[in-house]
Amino acid sequence: MADQFTNIISGFGISDVVDVAIVSFVVYKILCFIRETRAEQLVKGLLILVAATFLSNVFDLYTLKWILEGTLTLGVIALIIVFQPELRRALEYIGRSKIIMKQFGELNKDQAKQITSTLIKTVDYFSANKVGALLILEGEIALNDIVETGTKINGDISEEMLGSIFYEGTPLHDGATIIRGDRLLAAGCVLPLTQNRTLSKDLGTRHRAGIGITEHSDAIALIVSEETGIISIAIDGKLSRFLDIKTVEKTLLNIYLSRIPDEGNLSFFTKLFKRRDDESAE
């Protein structure tokens, strides 16, 4: 036994350490990704099936073993179907590229502060007057398919524009407004609803839609309740409610500023495109 252990240790090289570290990291990230989602319950069920298969083999339960092995064989295809939303979200997360910064990279700090100020004043007014609103701040994942479901605006972000969109009785007030960088891209958009069954039944369609879009993308949802005027923010499928205006302002400002790269940290391609734009302007 000691000799076998010594042989294993002696044959354990740097590449093995790296291999184990990578696999451990991947498993850890997968567990973090599925935690507190419906996928967590499905994984628990799968582990029970694996344990039952092992026990049926140990105790020679041939019929049960045959059924469980057949179930596990078909389980791979079933998992792809059942986990489709989670798999899509994971692939979207992996596919977020930092090579070329999008609209947020075109903003400077002054513009970010100005946009934040406009949004805060608008949300504060909505909250005080119980005007229901759903504002989606697009991240790195483009929401072009969501934009197609609404009315394209592509205008400046202003209190007047947002107020007219969400004014009760207007055709666009029940949908979501998509904001890309410093542009109000579209209004009256339809969002995917969250399938999270652990949410409070007090949450209506507006909140469930806000959570849903953040489960499918890295967008930020800013929500104002029409019934209570309560302000909420949804990020990565998690909803924070009962926020005061100062907390909302700090959160939005951090979101905008964190997505504005410093000149020294810009990628090669971003600098190249920026230089070409400057030369064209001259």
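The values are calculated or read from the model by the stated rules, or taken from the named source; none is laboratory data. Please read these numbers as outputs of a predicted model, since none were measured by experiment. For neighbour counting, all protein chains shown are included, and Cβ atoms are generated from backbone atoms with ideal geometry for every residue, glycine included.
Structure notes:
- Only one of Ile165, Ile231 that is β-branched (Val, Ile, Thr), within 22 Å of Lys246 (Cβ to Cβ) and modelled with pLDDT of 95 or more: Ile231
- Among the criteria (1) part of a helix (DSSP H, G or I); (2) at pLDDT 95 or above; (3) in contact with a helix residue (DSSP H, G or I) (Cβ under 8 Å, 6 or more places away or on another chain), the one Leu222 does not fulfil is (1).
- Unique residue being surrounded by 12 or more Cβ atoms within 10 Å (Cβ to Cβ), modelled with pLDDT of 75 or more and among the hydrophobic types (A, V, I, L, M, F, W, C) when the list is Leu79, Leu64: Leu64
- Filtered by the rule that a residue be in contact (Cβ under 8 Å) with a residue 40 or more places away in the chain and in a helix (DSSP H, G or I), the stretch 138-195 gives Ile146, Val147, Glu159, Leu162, Gly163.
- Residue check, Gly204 modelled with pLDDT of 95 or more, surrounded by fewer than 19 Cβ atoms within 10 Å (Cβ to Cβ), small (Gly, Ala, Ser) and in the same structural domain as Thr118 (by TED's automatic domain parsing): no
- The set of residues in the stretch 196-219 that are part of a loop (DSSP other than H, G, I, E, B) and among the aliphatic types (A, V, I, L, M) comprises Leu199, Leu203, Ala219.
- Every residue from the stretch 160-169 that is surrounded by 15 or more Cβ atoms within 10 Å (Cβ to Cβ) and either closer than 19 Å to Asp182 by Cβ or polar (S, T, N, Q) (or both): Met161, Leu162, Gly163, Ile165
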